[in-house]
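A quick write-up on the structure given underneath.
The values are calculated or read from the model by the stated rules, or taken from the named source; none is laboratory data. Note that the structure is predicted; figures quoted are calculated from it, not measured. Here the Cβ positions follow ideal geometry from the backbone for every residue, glycine too, while neighbour counts run over all protein chains shown. SASA here: full protein model, heavy atoms, side chains in, ligands and nucleic acids out. Shrake-Rupley method; radii C 1.70, N 1.55, O 1.52, S 1.80 Å.
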Amino acid sequence: MGYRVAVFGAYGHTGRFVMTELRVRGFGALPVGRDPRRLAVFGLDYRVASVDDPASLDAALAGVDAVINCAGPFASTAAAVIEAALRGGIPYVDVAAEIEANLDTFTHFTEPARAAGVAVVPAMAFFGGLGDLLATTAMGDWTSADEAHVAYGLSSWHPTAGTVAAGVVSRERRAGRRVRYTGSRLEYQSGGDLPRMDWDFPAPLGRRSVLGEFSMADVVTIPRHLVVPEVRTYMTVDAASDLTAAAAPVSVDGQGRSAQTFTVDVIVRRGDERRRVVASGRDIYAVSAPLAVEAVGRVLDGRTRTSGVAPAGEMFDAPDFLRALSSAIRVEAVSG
């Protein structure tokens with residue numbers, strides 16, 4: 001393939017999965033980060049860089065074809081790495097699940113990226129990217145819908161240190177308020193518990209108690225390009241409860257994956273008609289690697305549908321993208 005891809009935050013939990021995925025697919029992987037001792041573990045050439053030092057980022061990205069940002073909190077890293085990518089004229093992809101960081105990317109870099117002719121794809125991960133690809137696929141030939149629902153059925157959720165840190169930053173930025181997408185806009189609310197309800201996931205998961213308004217990056221990515229005034233996301237109660245324990249993921253196989261499994265149930269409704277697409281797989285962090293690497297490959301090969309800053313479902317042919325990941329993510333249309 002011949003492409004060389006820099007991975008900023010290569011030694012983080014998701015970064016290591018991305019490094020492996022790049023090498024398996026034949027890309028040249030260049031680890032980038034602040035700590036040379038941790039970078040040296042890969043046994044590859046590496047470059048030391050910090051978001052506080054633009055010159056170091058420019059040097060780190062010199063001669064590469066694209067960069068994947070895996071270093072959170074993205075509220076602290078995304079802007080600096082995007083700016084360096086634009087200066088270098090190379091595509092940028094990140095795995096940010098932070099609502100505020102993704103909003104910042106769309107707000108501040110849409111025009112600069114378009115002017116530079118550089119593709120920037122934020123939230124190209126399990127949260128944000130996958131839900132958007134599924135919702136876009138479910139929409140099919142519809143040009144608009146009344147609602148989009150994304151329900152996450154996780155067997156467990158042992159967050160990484162990065163996830164915990166990002167959550168703290170997000171809560172601070174919105175002063176502890178809840179956020180949802182309703183009436184064609186993001187709405188912030190103070191106080192109160194998240195509503196609970198039952199969600200009928202397809203077999204074998206079945207009916208599960210979920211938290212409504214458990215908003216993830218999907219409330220930014222989906223309405224960015226799909227005409228849907230209501231985007232609602234849900235999380236199984238058991239998985240959400242795991243977050244408070246903050247127990248890190250534990251590898252159980254040779255690929256470094258945990259035993260966690262997931263089902264993502266997406267329903268779009270227009271009037272009395274519903275369309276439903278379901279994805280399932282294993283380990284939400286591990287599966288972010290093929291999502292991000294597939295995105296980079298498609299951008300570099302010119303298999304894109306727009307330019308500048310765009311979420312996954314707008315940038316790529318969503319059904320084709322998901323088919324390409326069939327070894328990692330099982331996707332099926334479900335009636336009803």
- Of the residues in the stretch 284-308, those that are among the β-branched types (Val, Ile, Thr) and part of a helix (DSSP H, G or I) come to 293, 296, 299
- Query: Picking from 64, 7, 51, 24, which residue would you name as being out of contact with any Leu (no Cβ under 9 Å at 6 or more places or on another chain) and among the aliphatic types (A, V, I, L, M)?
  - Reply: 24
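Looking only at the stretch 254-272, count every residue that is under 29 Å from residue 230 (Cα atoms), out of contact with any Phe, Trp or Tyr (no Cβ under 9 Å at 6 or more places or on another chain), open to solvent by 20 Å² or more (accessible area, probe 1.4 Å) and of a type outside the set (Ser, Thr, Tyr) and tell me the total.
Within the stretch 254-272, residues that are under 29 Å from residue 230 (Cα atoms), out of contact with any Phe, Trp or Tyr (no Cβ under 9 Å at 6 or more places or on another chain), open to solvent by 20 Å² or more (accessible area, probe 1.4 Å) and of a type outside the set (Ser, Thr, Tyr) number 3.
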- Item | Selected residue [surrounded by fewer than 24 Cβ atoms within 10 Å (Cβ to Cβ) and either modelled with pLDDT under 95 or under 19 Å from residue 95 (Cβ atoms) (or both)] from 288, 307, 326, 280 | 307
- Which pairs have Cβ atoms under 7 Å, sit 6 or more apart or on different chains, and link a residue in the stretch 277-291 that is free of Cβ contacts under 8 Å to residues at least 60 places away in the same chain to one that is assigned to a strand (DSSP E or B)? 280/262; 280/263; 280/330; 281/262; 281/329; 281/330; 282/261
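Hey, any hits in the stretch 83-102 for a residue that's assigned to a loop (DSSP other than H, G, I, E, B), of a type in the set (Phe, Trp, Tyr) and in contact with a helix residue (DSSP H, G or I) (Cβ under 8 Å, 6 or more places away or on another chain)?
The answer is no, given that none of the residues of the stretch 83-102 is assigned to a loop (DSSP other than H, G, I, E, B), of a type in the set (Phe, Trp, Tyr) and in contact with a helix residue (DSSP H, G or I) (Cβ under 8 Å, 6 or more places away or on another chain).
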- Message: Whether any residue in the stretch 182-194 is surrounded by 12 or more Cβ atoms within 10 Å (Cβ to Cβ) and more than 29 Å from residue 310 (Cβ to Cβ) is what I want to check.
- Response: yes
- Query: Taking the stretch 114-134 as the search range and keeping residues that are assigned to a helix (DSSP H, G or I) and open to solvent by 10 Å² or more (accessible area, probe 1.4 Å), which one is farthest from residue 294 (Cα to Cα)?
  - Reply: 115
- Task: Of all residues in the stretch 292-307, count the ones that are in contact (Cβ under 8 Å) with a residue 60 or more places away in the chain and of a type in the set (S, T, N, Q).
- Result: 2
- Say we look at the stretch 144-153 and pick out the residues that are touching a Leu at 6+ places or on another chain (Cβ under 9 Å) and either assigned to a strand (DSSP E or B) or open to solvent by 10 Å² or more (accessible area, probe 1.4 Å) (or both); which of these is farthest from residue 7 (Cα to Cα)? 144
- Message: If residue 124 satisfies all but one of (1) among the aliphatic types (A, V, I, L, M); (2) out of contact with any Ser or Thr (no Cβ under 9 Å at 6 or more places or on another chain); (3) closer than 13 Å to residue 217 by Cα, what's the number of the condition it fails?
- Response: (2)
- Per-region count, the stretch 232-253, residues touching a strand residue (DSSP E or B) at 6+ places or on another chain (Cβ under 6 Å) and either buried (at least 22 other Cβ atoms within 10 Å of the Cβ) or free of Cβ contacts under 8 Å to residues at least 24 places away in the same chain (or both): 5
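Listed here are the residues, each with its yes/no results for (1) crowded, with 24+ Cβ neighbours inside 10 Å; (2) touching a residue at least 24 places away in the same chain (Cβ under 8 Å); (3) not small (Gly, Ala, Ser).
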position: 23; (1), (2), (3): no, no, yes
position: 28; (1), (2), (3): no, yes, no
position: 42; (1), (2), (3): no, yes, yes
position: 48; (1), (2), (3): no, no, yes
position: 61; (1), (2), (3): yes, yes, yes
position: 74; (1), (2), (3): yes, yes, yes
position: 84; (1), (2), (3): yes, yes, no
position: 93; (1), (2), (3): yes, yes, yes
position: 108; (1), (2), (3): no, yes, yes
- Pair list, Cβ under 6 Å, 6 or more apart: the stretch 135-150 residue in contact (Cβ under 8 Å) with a residue 12 or more places away in the chain, other residue in a loop (DSSP other than H, G, I, E, B) and open to solvent by less than 20 Å² (accessible area, probe 1.4 Å): 145/228; 148/228
- Does any residue of the stretch 24-36 turn out to be under 22 Å from the mean Cα position of the chain (by Cα) and part of a loop (DSSP other than H, G, I, E, B)? yes
